[in-house]
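J.: Have a look at this one.
The values are calculated or read from the model by the stated rules, or taken from the named source; none is laboratory data. Since this is a predicted model, take the numbers as computed values, not measurements. Note that we place each Cβ from the backbone using ideal geometry, even for glycine, and neighbour counts take in every protein chain shown.
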Amino acid sequence: MARVGNSRLGVSREVGEFLDAVFVPGAVLGVRADDPLTFITVVEVEEVTTIRVPSGRLIVDSPWSEEAGREIVARIPPGTYRVEAAWTEAPYEHGGDHFDGRECAATRLRVGDDPVAVWEAGIGVNDATGDAVAAGGFPSDSEAMGAIADVEAWEALTAPFHRYLRDVSSYGGSGSDRATEDLCDGWFEKSTDEALRADLIAFDVPEGWSPVWIGRTRSGTVTSIIVPGQMATSPLA
């Protein structure tokens, strides 16, 4: 598979191999850091929900950030798109108990069904692209959460997160209910605005920095947007 459309944006071989495999059930992504004999295997690709993107312009950023959301350069047709999760398992034992080690390896906005021919860094419209791969991501604070939503609805869709933070700061404790929808046993969180006909999907990401990867077809259209989960920090950092 081709790795580079624009040489400044192209991914490394290691990252490309991960992106090619992470949504393929049965694929082996590596081994547990604490047990090199235990493989991390993709066990399921699950449709989490759909989100509406009325403008075709996307922000991929932390929903907790007080800054303006980070709009990516890549454009998609306005519409409703599937959000998918790649689930992995890597069994382990702790204190005599056995666990399946189930994790979300990556979240994907599935824009189309055509295969990816080229992976590239998901740079933002305001990013300095001298080192585009390094720029192609967003800072993820201690909440370690990322989100995808329409640019024009971002402020409204992240309002529940900001209101929650203000309540915690003002009153202490856990804050008020965020009035969002928990999905997949709390792995995902969805915010909806019916007036704008738009939705936001939030999910776990590596703490500190989260890369964004764009998959394009041979004709150059966007077919996939992937944000890795916490378990993918090492190969994708």
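J.: Would you check if Gly79 is in contact with a strand residue (DSSP E or B) (Cβ under 7 Å, 6 or more places away or on another chain), at pLDDT below 95 and surrounded by fewer than 20 Cβ atoms within 10 Å (Cβ to Cβ)?
T.: No; evaluated as a whole, the condition is false for this residue.
J.: Across the range 23-45, which residue is farthest from the chain's Cα centre (by Cα) among those that are over 20 Å from Cys184 (Cβ atoms) and among the β-branched types (Val, Ile, Thr)?
T.: Among residues in the range 23-45 that are over 20 Å from Cys184 (Cβ atoms) and among the β-branched types (Val, Ile, Thr), the one farthest from the chain's Cα centre (by Cα) is Thr38.
J.: Assuming Phe99 fulfils every condition listed in (1) free of Cβ contacts under 8 Å to residues at least 12 places away in the same chain; (2) over 23 Å from Pro206 (Cα atoms); (3) hydrophobic (A, V, I, L, M, F, W, C) apart from one, which condition is it?
T.: The failed condition is (2).
J.: Among the residues of the range 26-43, write down those that are of a type outside the set (A, V, I, L, M) and modelled with pLDDT of 90 or more.
T.: At the first step, the residues of the range 26-43 found to be of a type outside the set (A, V, I, L, M) are 26, 30, 32, 34-36, 38-39, 41.
Gly26, Gly30, Thr38, Phe39, Thr41, listed by residue number.
J.: Can you tell which of Pro63, Pro25 is in contact with a helix residue (DSSP H, G or I) (Cβ under 6 Å, 6 or more places away or on another chain), of a type outside the set (D, E, K, R) and either surrounded by 14 or more Cβ atoms within 10 Å (Cβ to Cβ) or without any contact (Cβ under 8 Å) to a residue 24 or more places away in the chain (or both)?
T.: Unique residue meeting the criteria: Pro63.
J.: On the given criteria, is Glu84 touching a helix residue (DSSP H, G or I) at 6+ places or on another chain (Cβ under 7 Å), of a type in the set (Asp, Glu) and at pLDDT 95 or above?
T.: Criteria not met by Glu84.
J.: Same structure again: Need a quick list: strands (runs of 3 or more DSSP E) entirely within the range 1-91 having at least 3 residues that are of a type in the set (Gly, Ala, Ser). Quick ask: steps written out before the conclusion?
T.: Numbers: elements: 28-32, 35-53, 57-61, 71-75, 79-89.
Those strands (runs of 3 or more DSSP E) span 79-89.
J.: Additional query: Only one of Ser176, Ser191, Ser234, Ser170 is closer than 27 Å to Ile123 by Cβ, of a type in the set (Ser, Thr, Tyr) and at pLDDT below 95; which?
T.: It is Ser234.
J.: Can you tell me which residue in the range 92-108 is surrounded by the most Cβ atoms within 10 Å (Cβ to Cβ), limited to those that are part of a strand (DSSP E or B) and charged (D, E, K, R)?
T.: Arg108
J.: Let me ask something else about it. Residues Arg57, Arg52: which one is buried (at least 17 other Cβ atoms within 10 Å of the Cβ), within 18 Å of Phe138 (Cβ to Cβ) and of a type in the set (D, E, K, R)?
T.: Numbers: Arg52 fails: within 18 Å of Phe138 (Cβ to Cβ).
Result of the check over Arg57, Arg52: Arg57.
J.: Quick check on my filter: what residues within the range 51-69 are in contact with a Phe, Trp or Tyr (Cβ under 7 Å, 6 or more places away or on another chain) and at pLDDT 95 or above?
T.: Residues satisfying the conditions are Ile51, Val53, Ile59, Val60, Asp61, Ser62, Pro63.
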